[in-house]
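Trainee: Pasting a structure below so you can have a look.
The values are calculated or read from the model by the stated rules, or taken from the named source; none is laboratory data. Only a predicted model underlies this, so the values are computations on that prediction, with no experimental measurement involved. Cβ placement follows ideal geometry from the backbone for every residue including glycine, while neighbour counts extend to all protein chains displayed.
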């Protein structure tokens, strides 16, 4: 079942169960999927990789909004974003812990033979592909910098 089909089924469930927060988040995901499908050269369906990128983008948007709202003492708005983020996370693969992430990045550094910050681009490229959906880019970048410096 594609992400679009899963989201549509979950929208129906949320409507029946009158879950407003779930419904708002699911509609946002569906909107992003439909937008991606209408882009030039998109075709009839999205690849699993494209679906993950959409979910990661939605997750990052919510996370950034939460941080901004908390900073501005707008907990009411932050709570709404948090509820949406919780729904989006149901569709993302389980995130790696920092220790697991560090271990994977060490393996990548050993594979590439990277030894200094000059090799960061090479390590980041491979890490981003291998760890897509399992960790966000900012965390990956911080760990790569720490290990290469």
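Trainee: Looking at segment 8-31, can you tell me whether even one residue there is closer than 30 Å to residue 126 by Cβ and either in contact with a helix residue (DSSP H, G or I) (Cβ under 9 Å, 6 or more places away or on another chain) or loosely packed, with under 15 Cβ neighbours inside 10 Å (or both)?
Mentor: There is at least one residue in segment 8-31 that is closer than 30 Å to residue 126 by Cβ and either in contact with a helix residue (DSSP H, G or I) (Cβ under 9 Å, 6 or more places away or on another chain) or loosely packed, with under 15 Cβ neighbours inside 10 Å (or both).
Trainee: Further question: Failed condition for residue 59, given (1) assigned by TED's automatic domain parsing to the domain that holds residue 14; (2) surrounded by fewer than 18 Cβ atoms within 10 Å (Cβ to Cβ); (3) under 25 Å from residue 25 (Cα atoms), with all others met?
Mentor: (2)
Trainee: State the number of residues belonging to segment 20-53 that are at pLDDT below 80 and more than 17 Å from residue 8 (Cα to Cα).
Mentor: 5
Trainee: Have a look at 105, 140 and point out the one that is in contact (Cβ under 8 Å) with a residue 40 or more places away in the chain, surrounded by 19 or more Cβ atoms within 10 Å (Cβ to Cβ) and under 25 Å from residue 93 (Cα atoms).
Mentor: Answer to the selection: 105.
Trainee: Out of 25, 50, I need the residue that is more than 30 Å from residue 145 (Cα to Cα) and part of a helix (DSSP H, G or I). Which one?
Mentor: When all the criteria are applied, what remains is 25.
Trainee: Restricting to helices (runs of 4 or more DSSP H) lying wholly in segment 64-139: which have 2 or more residues that are over 21 Å from residue 25 (Cα atoms) and more than 21 Å from the chain's Cα centre (by Cα)?
Mentor: 98-112, 120-130
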